[in-house]
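Heads up: the structure comes next, in C-alpha cells.
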Amino acid sequence: MSLIENERTKLVAAALNNSAVATIVTAVIGPIAGALYGFGSSAPNRYWFLIGALWFLIGIGLHYLGQLALGRLRE
C-alpha cells in the first residue's frame, strides 16, 4: 500500500470518527442539555431514553468502523 493510500485510509477513519462524535453530541448530549435548560421541544417522553440509546449505539458503531479502516494501514 502506498503512502497516498495510507493517507486516504486515515482520512476515511477520521471522517467516520468525526461523524460518530457529531452523532453522539447531537442525539444524546443535545437533548440532555435541552431538558436541563427547560426547552419545551426537547422535553423527554417515554421513548426519549430508547431513542438516545439507539443513536449512541450508532455513534459507537461509526467509531468502530473508523477503527476498522485504520486496520487497513500498511507499512
**Request:** May I ask you to list the residues in region 20-29 that are surrounded by 14 or more Cβ atoms within 10 Å (Cβ to Cβ) and either of a type outside the set (Gly, Ala, Ser) or touching a residue at least 40 places away in the same chain (Cβ under 8 Å) (or both)?
**Result:** Ala20, Thr23, Ile24, Val28
**Evaluation of Leu57 against (1) out of contact with any Leu (no Cβ under 7 Å at 6 or more places or on another chain); (2) touching a residue at least 60 places away in the same chain (Cβ under 8 Å) (one fails), failing number** = (2)
**Exclusive hit being surrounded by 13 or more Cβ atoms within 10 Å (Cβ to Cβ) and either assigned to a helix (DSSP H, G or I) or in contact (Cβ under 8 Å) with a residue 40 or more places away in the chain (or both), set Ile4, Ile32** = Ile32
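Does Asn17 fit the bill of being in contact (Cβ under 8 Å) with a residue 60 or more places away in the chain and in a helix (DSSP H, G or I)?
On the way: in contact (Cβ under 8 Å) with a residue 60 or more places away in the chain: no; in a helix (DSSP H, G or I): yes.
Considered against the rule, which asks whether it is in contact (Cβ under 8 Å) with a residue 60 or more places away in the chain and in a helix (DSSP H, G or I), Asn17 comes out as no.
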**Asked** Asn45 is checked against (1) at pLDDT below 90; (2) not in a loop (DSSP other than H, G, I, E, B) and fails just one. What number does that condition carry?
**Response** (2)
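The values are calculated or read from the model by the stated rules, or taken from the named source; none is laboratory data. Quick caveat: nothing in here was measured; it's all calculated off a predicted structure. Positions of Cβ are generated from backbone atoms using ideal geometry, with glycine treated the same way; all protein chains shown enter the neighbour counts.
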